[in-house]
1. Select from region 351-370 the residues that are surrounded by fewer than 21 Cβ atoms within 10 Å (Cβ to Cβ) and over 19 Å from VAL390 (Cβ atoms) and write down the one among them that is farthest from the chain's Cα centre (by Cα).
2. Residues in region 346-382 that are part of a strand (DSSP E or B) and either touching a strand residue (DSSP E or B) at 6+ places or on another chain (Cβ under 6 Å) or within 23 Å of PRO248 (Cα to Cα) (or both): how many?
3. Of everything in region 316-329 that's at pLDDT 90 or above and either loosely packed, with under 13 Cβ neighbours inside 10 Å or charged (D, E, K, R) (or both), which residue is farthest from the chain's Cα centre (by Cα)?
4. If you take the residues of region 58-107 that are among the hydrophobic types (A, V, I, L, M, F, W, C) and part of a strand (DSSP E or B), which of them is surrounded by the most Cβ atoms within 10 Å (Cβ to Cβ)?
5. Looking at region 284-320, which of its residues are without any contact (Cβ under 8 Å) to a residue 24 or more places away in the chain and within 17 Å of ASP382 (Cα to Cα)?
6. Hey, can you tell me all the residues within region 356-396 that are touching a Ser or Thr at 6+ places or on another chain (Cβ under 6 Å) and among the polar types (S, T, N, Q)?
7. Kindly indicate whether any position in region 13-29 is part of a strand (DSSP E or B) and surrounded by 14 or more Cβ atoms within 10 Å (Cβ to Cβ).
Amino acid sequence: MNRIEVKNLYKIFGPKPERVYPLLEEGLDKTRILAETGCVVGINNASFNVAQRETFVIMGLSGSGKSTVIRCLNRLMEPTAGEILVDGEDIRQMDYHSLLETRRTKMSMVFQNFGLIPQRSVLRNTEYGLEICGKPAEERYEAAMQALKMVGLEGYEYSMPSELSGGMQQRVGLARALANNPEVLLMDEAFSALDPLIRTQMQDELLELQARLHKTIVFITHDLDEALKIGDRIAIMKDGAIVQIGTPEEILTKPADDYVRAFVQNVDRTKVITAQSIMRKVPTITVPQAGPRAAVRAMEKLGSSTIFAVDSDRHLQGILSIDDALELEKQGVQDVKSKLVYEDVYLTRAETPIADLLTTALTARHPLAVRDEEERLIGVLDRATIMAEVLENNNEQDTDAITPLAETADLSPKDSDEQQGAV
């Protein structure tokens with residue numbers, strides 16, 4: 001279900017904006033429209049949906065219109081045309097009091113420049129929104145303390161903003177936004193003013209918060225790496241228009257045009273492309289129903305000397321070799337479980353980036369088993385497929401740099417789960 005629906009949204013800055021629409025239909029760019037009308041095109045016919053619990057990232061270069069879009073979502077800027085539906089209700093049709101109530105209860109915003117009141121303590125900054133809503137002091141205090149705990153600022157409640165680092169000040173801004181328990185969180189370049197290390201920490205903390213709170217988040221950024229890291233879906237804007245909307249993988253692997261392609265050309269795809277996207281489906285046998293004769297027949301058809309075995313719920317039971325299957329058949333044993341090998345099988349999640357699997361792939365005896373959230377086998381990933389993706393990521397990569405890694409790596413199936421990408 002969509003929490004937010006934006007339909008044919010325009011924002012034209014300048015007198016008589018209706019003059020601009022015919023020019024946009026003719027295909028004139030922002031520069032010519034400005035020269036001919038004196039109007040600036042902020043948003044040009046933008047449409048998108050944001051699902052419940054989704055983190056939707058809008059990105060683009062300076063002047064692309066991304067910050068204008070987020071300010072139109074809560075009418076800090078008044079759209080020129082279009083619809084903005086929040087839970088089916090059009091924000092543009094709301095009167096002043098209804099809009100104010102929506103801002104106070106459904107939406108909260110986190111700004112780039114923190115927006116803290118310098119003469120108020122951390123606690124009083126956090127409860128400010130609740131205060132202007134007229135909430136009782138005790139209720140404000142409890143909500144603010146809970147929000148500060150969420151963002152890791154316990155113990156700093158009575159500090160002043162000037163006593164905090166940039167990252168801590170941004171945590172206060174985030175706590176203030178969370179204090180009224182909004183359904184929608186609007187974040188306008190919230191981490192752009194932070195140092196790179198602190199920025200990375202704040203991204204990680206936002207991901208952890210989202211995993212616990214499941215908010216609907218609209219996040220504005222000009223940083224593609226940030227967008228790829230935190231976004232469930234990404235919208236890329238240019239000159240006020242949305243050029244492409246897609247998942248991080250879709251943006252990287254299927255750029256809509258040269259503009260998007262230029263955005264992604266220097267990104268390490270291996271950190272975003274997942275095991276599931278390049279795995280292959282694999283025939284299996286189901287145990288205990290399938291005996292050695294059925295296993296041998298399946299391997300003959302595959303032209304393979306091994307086969308994966310699963311139970312009726314498709315939970316991996318191990319790998320059976322042709323030699324072991326023939327031996328069991330010769331002995332008249334009907335159950336293959338005694339010959340299944342599990343210890344040498346590397347396991348990985350569907351969502352694991354292939355960059356995390358490279359070392360494992362170089363040392364694994366068998367293809368990696370890819371499992372879903374319910375531990376079911378959904379495919380396998382072999383060394384050749386991973387290496388092909390790595391080499392495609394960087395055609396100029398020296399393959400000699402990969403060979404020593406294979407020679408010196410000393411991983412075994414008993415190494416840590418983190419190294420293996422295993423569960």
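The values are calculated or read from the model by the stated rules, or taken from the named source; none is laboratory data. This one's a predicted model, so the numbers in the text were calculated from it and none came from an experiment. All Cβ positions, glycine included, derive from the backbone under ideal geometry; neighbour counts span all protein chains shown.
1. Among those that are surrounded by fewer than 21 Cβ atoms within 10 Å (Cβ to Cβ) and over 19 Å from VAL390 (Cβ atoms), it is ARG365.
2. Initial filter on region 346-382 (part of a strand (DSSP E or B)): 347-349, 353, 368-371, 376-381.
Subset that is either touching a strand residue (DSSP E or B) at 6+ places or on another chain (Cβ under 6 Å) or within 23 Å of PRO248 (Cα to Cα) (or both): 347-349, 353, 368-371, 377-381.
Counting residues in region 346-382 that are part of a strand (DSSP E or B) and either touching a strand residue (DSSP E or B) at 6+ places or on another chain (Cβ under 6 Å) or within 23 Å of PRO248 (Cα to Cα) (or both) gives 13.
3. Checked region 316-329; the qualifying residue farthest from the chain's Cα centre (by Cα) is GLU327.
4. First, the residues of region 58-107 that are among the hydrophobic types (A, V, I, L, M, F, W, C): 58-59, 61, 69-70, 72-73, 76-77, 81, 84-86, 91, 94, 99-100, 107.
If we keep only those that are part of a strand (DSSP E or B) as well, we get 58-59, 81, 84-86, 107.
Working: ILE58: 27, MET59: 23, ALA81: 15, ILE84: 21, LEU85: 17, VAL86: 22, MET107: 23.
If we take residues in region 58-107 being among the hydrophobic types (A, V, I, L, M, F, W, C) and part of a strand (DSSP E or B), then ILE58 is surrounded by the most Cβ atoms within 10 Å (Cβ to Cβ).
5. Narrowing region 284-320 to residues without any contact (Cβ under 8 Å) to a residue 24 or more places away in the chain: 289, 294, 297-298, 300-305.
Answer for region 284-320, where residues must be without any contact (Cβ under 8 Å) to a residue 24 or more places away in the chain and within 17 Å of ASP382 (Cα to Cα): LEU302, GLY303, SER304, SER305.
6. Within region 356-396, just ASN393 meets the criteria.
7. Taking region 13-29 first, the residues part of a strand (DSSP E or B) are 13.
With the extra rule that they be surrounded by 14 or more Cβ atoms within 10 Å (Cβ to Cβ), the set shrinks to 13.
Checked against the condition, which is being part of a strand (DSSP E or B) and surrounded by 14 or more Cβ atoms within 10 Å (Cβ to Cβ), region 13-29 yields at least one hit.
So that you can scan it fast, the table gives a plain yes or no per residue for (1) in the same structural domain as ASN8 (by TED's automatic domain parsing); (2) farther than 30 Å from VAL41 by Cβ; (3) part of a helix (DSSP H, G or I):
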position: VAL243; (1), (2), (3): yes, no, no
position: PRO288; (1), (2), (3): no, yes, no
position: ASP313; (1), (2), (3): no, yes, no
position: LEU316; (1), (2), (3): no, yes, no
position: LEU326; (1), (2), (3): no, yes, yes
